[in-house]
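Chemist: One structure, as structure tokens, below. Some questions next.
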Amino acid sequence: MRHALLIAARDLRERARDRTAYVLAIVLPLGLAGVFTLILGNISGDSQLFTYAVADADRGVVARAFTDDVLRKAAASGAIALRTVSSEQEARTLVDDGTATAAFLLPAGLTEDVQAGRAARIEVVGNVDAPTGTDVARSLAQAYTDRLGAVRTAVAATVHSGVSTPPAELAAAAAAVLPQAVVDEDTTGRRQLDAKTQYAAGMAVFFLFFAVQPGVTGLLDERRNGTLARLLAAPVRRSSILTGKLLTSVVVGVVSMTVLVVASSLLMGARWGHPAGVAALVLSGVLAATGAMAVVAAIAKTSEQAGGWQAIVAIVLGALGGAFFPVTQAGGVLEKLSLLAPHRWFLRGLADLAGGGVAAVLPSVAAMTAFAAVTGAIALLLFRKVVRP
Amino acid sequence: MTVLSCSGLRRRFDDVVAVDDVSFTIAEGETYGLLGPNGAGKTTTISMITGVLERDAGEVFVDGIAMSTHAIAAKRLVGYVPQELALYPDLTGRENLRFFANLYGAGRERVDHVLDVVGLTERAGDLAREYSGGMKRRLNVAIGLLHEPRLLVLDEPTAGVDPQSRNQIIENVRELAAQGMAILYTTHYMEEAERLCDRVGVIDSGHLIAEGTRRELVERLGERDRISLLLDGDLGHATAVLGAIANVRGVAPHGQGLELVVDDARECLPAVLAAISTNGVVVRSVEVTEPNLETVFLHLTGKALRE
Ligand SMILES: Nc1ncnc2c1ncn2[C@@H]1O[C@H](COP(=O)(O)OP(=O)(O)O)[C@@H](O)[C@H]1O
Ligand SMILES: [Mg+2]
């Protein structure tokens, strides 16, 4: 192990002098994530594209469930901004002057209607200049009222009695299923990352695959330098040479990811989540990236060839794994294939972390670790040939 | 005492048998030259001795330790200077040395020492990529000396080197041998082999075809020193006079003069010239040929060393 550490330390010293390494591992991912956030951030709802006004004339439990459980949750996730107003008139004024994209008018007697088994009706007033925002508002209202009806029917069918279910329960049950279904477009029902974090994480994990290259490709450089012969002539186990190279990749990967996490948090306001969960994801992600790049390096004849192939693999895996755009929405074969890409698991782990506790990252950590184990084993097998000419 | 003993070394690459049944030994303080043209199998032999390359057959012992079973212990006793420059260009000279010193467990003071030995102390802080070709060669040699090996293996250490660095390297090797290091030195420059090596092994097409000191090799082949004379005067008389000189083994007409086969050209040249001039024959030119390893090689293989 001492020899492996010595070999890795030497590699790192050489790396530290290579300016392109910094550009690839830190400057590019941060810069691109920043650019993406600026260009695309608005479209993805991060900057609260839609502002909705709510006028509650009902003041009953059904209206409150809609405001609190549906609209406020959507607002909390950053998708919309909410303004509660005291009258329908005020709401219409806000929509007319463009301050609000649309307004929800919760009519007086809404709760009573639901209680009496009549259809609930939520009126949406939209700004003609913001048809998308108005559509979203309509579908929110529509979905809620539909759910109210469905839940009531279901409850009635189960109970087989004429006893009317308390409207509070109906409203809560209807509201509970809404935010994910309508506001988030994530069909898996998992929480999504906000756009800034999504871009920062996507770029970070994409460039991670480039950052870890030098270590595993270093063996080919050593062969070209002739220094591999020296290492082989030295009283050093061959396995120490390989371990040293893998170690270099892991250290470079962890350092560059850490810098990216900290920098994107400070500079872009990305929210990565609980440090322990992020650390587990970063480490397993680095191992997975190292394994993948090591396999490519072990197949290649020269480090230039390896660099070319690694770039292709990194781009394909990155695109497949949703580093640039979410593949989870693509569905079908592509979605299934994306499960092979560590990027997908890394991003999914972060989303799970945002939605749940630290333990929520474990499936993703396990998937990436398995990926690392398989690719690492293949790479070691192949590399044995390189160190045994 | 024998430091290196290798026997029956054999290695093939696909359909090329690069080294076939090569055996030799090197004693403490001895410099052994492996002489042969490009592609003869020198590097392959050395790579098997240093444990860089697997052997198809044969065994290597360093100080009695078998490379096959105790590779790490055996490698500790060997210093290796590869034929191709083997340096980290983006590290300084000193950092290159420190790295290998750490791998071999050699102390920091050894780094300063070998820098001094190869004359790189002043440039130790510069990146290796900024060194001249000769300086790189010297650093390449220095790395092999770090851990004071019992056996130093140098694979064509002077190939493509300026005369100054070349002399420095040769001087270094001489001093190390004087200190008792066993040295295995490959080259295709026969002058170098003659200057440096106590014993020479001639290798061609993977076979060790002859071995011994230069004089042994030369004599075994029946090669002798020759003196060619271009003369004006009575050649018949000159032939008789020269043939009577003690060390002259034969006299034969040679163009407009005579060629003598002698035991030691330098020793008997004064006697030859004196004998001719006292007999009224004028010497127009003299050419002395001492058979060298080049001649030996040509004789053994029918090829020139450098083709
Ligand atoms: N790695 C290799 N793969 C295939 N052939 C090789 C390899 N190394 C050496 N050879 C062949 O083995 C022979 C001896 O090569 P080498 O030992 O390098 O000769 P030298 O050092 O005397 O110039 C040559 O024919 C060379 O082409
Ligand atoms: Mg060679």
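Values in this text are rule-based calculations from the coordinates and carry no lab data. Please read all numbers here as calculations on a predicted model, not as lab measurements. Here the Cβ is made from the backbone with ideal geometry for all residues, glycine too, and neighbour counts use every protein chain on show.
Chemist: Mean residue ellipticity at 222 nm from the helices of the protein assembly as shown, using -39,500 (n - 2.57) per DSSP H segment of n ≥ 4 over the full residue count, to the nearest 500 deg cm²/dmol?
Modeler: -16500 deg cm²/dmol
Chemist: Further question on the same structure: Could I get the Rg over Rh figure for chain B? Both from C-alpha atoms, Rh via Kirkwood, rounded to two places.
Modeler: 1.10
Chemist: Could you give the angle, 0 to 90 degrees to the nearest 10, between helix A:303-320's Cα long axis and the longest principal axis of the Cα atoms of chain A?
Modeler: 10
Chemist: Turning to a different aspect of this structure: What lysines does B:Lys42 reach when the alpha-carbon gap must be under 28 Å and sequence neighbours fewer than 8 apart in one chain are set aside?
Modeler: A:Lys301, A:Lys385, B:Lys75, B:Lys136, B:Lys303
Chemist: Roughly how big is chain A's charge dipole about its Cα centre, with Cβ charges of +1 (Lys, Arg) and -1 (Asp, Glu), in debye to the nearest 20?
Modeler: 2680
Chemist: Report, to the nearest 10°, how far helix A:28-40 tilts away from the longest principal axis of the Cα atoms in chain A, using its own Cα long axis and a range of 0 to 90°.
Modeler: Between helix and principal axis, roughly 20 degrees.
Chemist: Using a 10 Å cut-off on Cβ to Cβ distances, tally the other chain neighbours for every residue of B:101-107 and report the average as a whole number.
Modeler: Mean shielding by partner chains, rounded to a whole number: 3.
Chemist: Something else about it: Projected onto the charge dipole of the protein assembly as shown (+1 at Lys/Arg Cβ, -1 at Asp/Glu Cβ, origin at the Cα centre), which of B:Thr31, B:Val19, B:Ser285 gives the Cα projection farthest towards the positive end?
Modeler: B:Val19
Chemist: Something else now. Tell me the Kirkwood hydrodynamic radius of chain A in angstroms, computed as one over the mean inverse distance between distinct C-alpha pairs.
Modeler: It works out to 23.7 Å.
Chemist: Related question: To make sure I understand the rule: partners must be aspartates and glutamates, Cα under 18 Å from the Cα of A:Lys245, and not fewer than 8 residues away in the same chain. Which ones qualify?
Modeler: A:Asp11, A:Glu14, A:Asp18, A:Asp221, A:Glu222, A:Glu304, B:Asp90
Chemist: Also, I was wondering about something else. Of chain A, which part is the longest with no trypsin sites (Lys or Arg not before Pro) in a loop (DSSP not H, G, I, E, B) and with at most 12 other C-beta atoms within 10 angstrom?
Modeler: The longest uninterrupted stretch comes out as A:119-300.
Chemist: Principal axes first, then extents: for the Cα atoms of region A:283-389, list largest minus smallest coordinate on each axis, whole Å, largest first.
Modeler: 51, 27, 20
Chemist: Partner chain Cβ atoms within 10 Å, averaged over the residues of A:221-232 - can you pull that number for me?
Modeler: Rounded to a whole number, the mean comes out at 6.
Chemist: While we're on this one: Which of the listed residues, A:Ala351, A:Gly202, A:Ala298, is farthest toward the dipole's positive end in chain A, when Lys, Arg count +1 and Asp, Glu count -1 at the beta-carbon?
Modeler: A:Ala298
Chemist: Got a sec? Charge dipole of the protein assembly as shown, +1 on Cβ for Lys and Arg, -1 for Asp and Glu; which of A:Gln213, B:Leu217, A:Val254 is way out at the positive end?
Modeler: Positive-end residue among those listed: A:Val254.
Chemist: Further question on the same structure: Per residue of B:64-74, what is the mean number of Cβ atoms on other protein chains within 10 angstrom of that residue's Cβ?
Modeler: Across B:64-74, the average partner-chain Cβ count within 10 Å equals 1.
Chemist: Taking chain A as the reference, fit the longest principal axis to its C-alpha atoms, fit the long axis of helix A:342-355 to the helix C-alpha atoms, and give the angle between the two in degrees, 0 to 90, nearest 10.
Modeler: So the inclination is approximately 40 degrees.
Chemist: Can you grab the distance from the C-alpha centre of region B:55-94 to the C-alpha centre of region B:241-307, Å, no decimals?
Modeler: Taking the Cα centre of each part, region B:55-94 and region B:241-307 sit 45 Å apart.
Chemist: Straight-line reach from A:Lys196: which lysines have a Cα under 29 Å away, not including same-chain ones fewer than 8 places off?
Modeler: Correct list for A:Lys196: A:Lys73, A:Lys336.
Chemist: Restricting things to alpha carbons, tell me how big the protein assembly as shown is in terms of Rg and Dmax, in Å.
Modeler: 41.5, 152
Chemist: Using a 7 Å offset from the Cα along the Cα-to-Cβ direction at both A:Asp146 and B:Thr278, what is the distance between the two label points in nm, to one decimal?
Modeler: Label-label distance for A:Asp146 and B:Thr278, simple model: 13.2 nm.
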